[in-house]
Each structure stands twice: as C-alpha cells, then as structure tokens.
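Trainee: Below you'll find the structure I mean.
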C-alpha cells in the first residue's frame, strides 16, 4: 500500500513542498532527499509563545531548510488552545498556521494510529500526529516537547527534536 504524502496542490500553507533545498541529505544513487520537519502541537505552541525554549523553537523552525508539516489536527488543537488563551496569545497562535503545511487525516493514518506503540501511554491525538509523520514518504524528524510523544516517536524509529 502506498503511503500518503502531503500534496503540494492540496497542502495548506505558504511553503511549497517541491524541490530540494539547501542542507538536504543525499539518498541512494546520489538523489537529494529532503528532510521534513513534522511539528506536533506542543512544538507549534512553544514556537508561538514566550516561554522557556520559545526562542530556540522559533530559531530551529527558521533554520530548517525543508518543509514544515503537521496533521490537519493541528488546526483543531491550535483553535482550541487559542480560544482558551484569548487576546494577544490567541492572535500569535493563529498567526503562524499558514507557515505549516497540513496533511489531511486519512483512513490509513487512522488505522496506523489505532495500533501504534502499544507499550506507550499515548493519547489519541498524539497517535494521529505520529501516524501522520510515519505516512510521509520522505525522511522526517518530529519536533515535540511532549515526553510521551517523544518516547513513542523513538519506539517507532522517528528522530525527535526539542530545541531548548
């Protein structure tokens, strides 16, 4: 079964998913493989905030040469967080959404999420984030500040970033 990928025509956000970028890793036969940076909600909120590690999260995003991607679930989680935060915090949270390409939640992602990392106490939204990252055909690293999600990512072989 083919793994779903972000579709440049269907991706939402300002960043295009096409073409190699500086810093891309070399794959087999000298092909350039892009590295996708997958953001979970904890990383997105940290990058938008003004707390310990926020500046490092923003710097990591700005320095990443490849696409920045998340699940469409990010829109729901950011919307709910913004509603609770209100005011300037809500505006900051909404302001960066267009910088992140979002991938729709497919039936294949749901099937993987339902059975993912059974030994890790993983919440359903986190399982959807990991299953979405696994569905991307290109090398992917996950940026997250959630300890359980970090553990589950490592259990399934996804590299984890949490700039401090």
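Trainee: Starting with the fewest neighbours, write out 38, 145 ranked by other beta-carbon atoms found within 10 Å of each beta-carbon.
Mentor: By the 10 Å Cβ count, ascending: 145, 38.
Trainee: Something else now. Above 18 Å lies some portion of the pair distances; for the stretch 25-161, what is it as a whole percent of all C-alpha pairs? Mind dumping the intermediate values first?
Mentor: Numbers: 5107 of 9316 pairs.
Taking all Cα-Cα pairs of the stretch 25-161, the fraction more than 18 Å apart is 55 percent.
Trainee: With no solvent and one equal point scatterer placed on each C-alpha of the stretch 64-134, evaluate the Debye formula and give log10 I(q)/I(0) for q = 0.21, 0.22 Å⁻¹, two decimals.
Mentor: These q points yield log10 I(q)/I(0) values of -0.93, -0.97.
Trainee: Working from the alpha-carbon coordinates of the stretch 27-98, get Rg over Rh, Rh being the Kirkwood radius.
Mentor: We get a ratio of 1.07 for the stretch 27-98.
Trainee: May I pose another question? When only Cα pairs under 8 Å and 6 or more residues apart are kept, what is the percent relative contact order across the stretch 62-164? Could the numbers behind the result be given before it?
Mentor: On the way: 102 pairs, mean separation 24.5, N = 103.
In percent, rounded to a whole number, it is 24.
Trainee: Rank these for me by crowding, 130, 110, going from fewest to most other beta carbons within 10 Å.
Mentor: With the fewest neighbours first, 130, 110 line up as 110, 130.
Trainee: Please arrange 132, 144, 41 by how many other C-beta atoms lie within 10 Å of their C-beta, fewest to most.
Mentor: Final ranking by Cβ density, sparse to dense: 41, 144, 132.
Since every read-out is calculated from the coordinates, none of them should be taken as a lab result. These numbers were taken from a predicted model, which means no experiment stands behind them. Glycine gets a Cβ as well: all are built from the backbone with ideal geometry, and neighbour counts include every protein chain shown.
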